[in-house]
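K.L.:
Below is one structure. I have some questions about it.
The values are calculated or read from the model by the stated rules, or taken from the named source; none is laboratory data. Bear in mind the structure is a predicted one, so any value in this text is a computation, not a measurement. Methodologically, a virtual Cβ is constructed for each residue, glycine included, from the backbone with ideal geometry; neighbour enumeration extends over all protein chains shown.
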Amino acid sequence: LGERKEKCSFKMAMALRSPIIQITNISPSCSLEQIRMLFGNIGVIEELVVYPPEGDDCPSKVCFIKFADAINAEVALHLHNTMFLDRALIILPVVTEGGTIPDEKYAELVRAPLHTSAGIHPRSALWPLDVISMVVGRPGEQVIQTIDPQLSSMGFPAYPPLPAATDCNRIEEIRRTVLVTNLDPKLTCEQVLEFFNNHAEVKCVRMAGSDDERAAYVEFTEQASVVKAFGLMGTKLGDRQIMVQHSNCAIIKPNSSLAGLEDTIKKANPRSANVSTSGG
């Protein structure tokens, strides 16, 4: 676990030292020169690209800026969630091979949805920098939408919206969890845990469904493991090919149940003392 945290911290440190930033949720009425003026006050801009180009009718723009000095990119991150014209800017660091500006295809993956509000949900220290959750929609119709460019680039389903009132502490738990269906009725919770743990570190498993139609909620330690889970779609486990989909709820972990299963978990995954399962 300590090694994993060090790797995540290293990746985040690399991102924060990048001279490139990504700005989304830009008002369609905002011009390239207005963006240049705002961020030009921070430091020397080597390159600035806006997608789509001016003149195209688009409800939201995406901008990439490469500063001459990476320290200016770090300063620019402090403008995250700042109201600019009629939108709250979403600013993230970007790390690319050779320090090049991403192309328009990537911009389409990270474009902020319509009616994104100023409420960008905070992330935990180990949460991926490019995976963001935000409140979108008109008043009375608002939901929480999470954008993960990796899911989109791999052709996997996007996260389903969550109710706007979802507890902030629960959002990351839900986004780390998948629902596995079409399970062999003979499979046990421990077997499901062992299978997925061979591909990514599992934090918790809870069985669900009926005796004939078994399913399981699988929560991973890292959000990036969700992509690996979707890559296992159609894999045979027991006598059936599993199906994987996003979960719309977090796994409830009663303390009494967890304490009684601690020894079983350590045997199934001796590298992680924090993994827990519950069946039902």
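K.L.:
Only one of these conditions is not met by V244: (1) modelled with pLDDT under 95; (2) under 26 Å from the mean Cα position of the chain (by Cα). Which number is it?
P.N.:
(1)
K.L.:
Just checking, does region 15-27 include any residue being free of Cβ contacts under 8 Å to residues at least 60 places away in the same chain and farther than 18 Å from D130 by Cα?
P.N.:
Scanning region 15-27 turns up no residue that is free of Cβ contacts under 8 Å to residues at least 60 places away in the same chain and farther than 18 Å from D130 by Cα.
K.L.:
Filter region 51-72 down to residues that are surrounded by fewer than 20 Cβ atoms within 10 Å (Cβ to Cβ) and under 25 Å from the mean Cα position of the chain (by Cα), then give me how many there are.
P.N.:
5
K.L.:
Assuming A224 fulfils every condition listed in (1) under 30 Å from L129 (Cα atoms); (2) at pLDDT 95 or above apart from one, which condition is it?
P.N.:
(2)
K.L.:
Tell me, which residue of region 216-238 that is under 25 Å from D148 (Cα atoms) and in contact with a Leu (Cβ under 7 Å, 6 or more places away or on another chain) is surrounded by the most Cβ atoms within 10 Å (Cβ to Cβ)?
P.N.:
Here the residue is A216.
For (1) β-branched (V, I, T); (2) more than 30 Å from Q142 (Cα to Cα); (3) in contact with a helix residue (DSSP H, G or I) (Cβ under 6 Å, 6 or more places away or on another chain), each residue gets a yes or a no:
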| site | (1), (2), (3) |
| --- | --- |
| E46 | no, yes, no |
| V50 | yes, no, yes |
| I65 | yes, yes, yes |
| A68 | no, yes, no |
| H80 | no, no, no |
| A88 | no, no, no |
| I91 | yes, no, yes |
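K.L.:
Hey, could you check region 77-100 for residues that are over 22 Å from the mean Cα position of the chain (by Cα) and outside any strand (DSSP E or B) and say which is surrounded by the most Cβ atoms within 10 Å (Cβ to Cβ)?
P.N.:
In this case the residue turns out to be G99.
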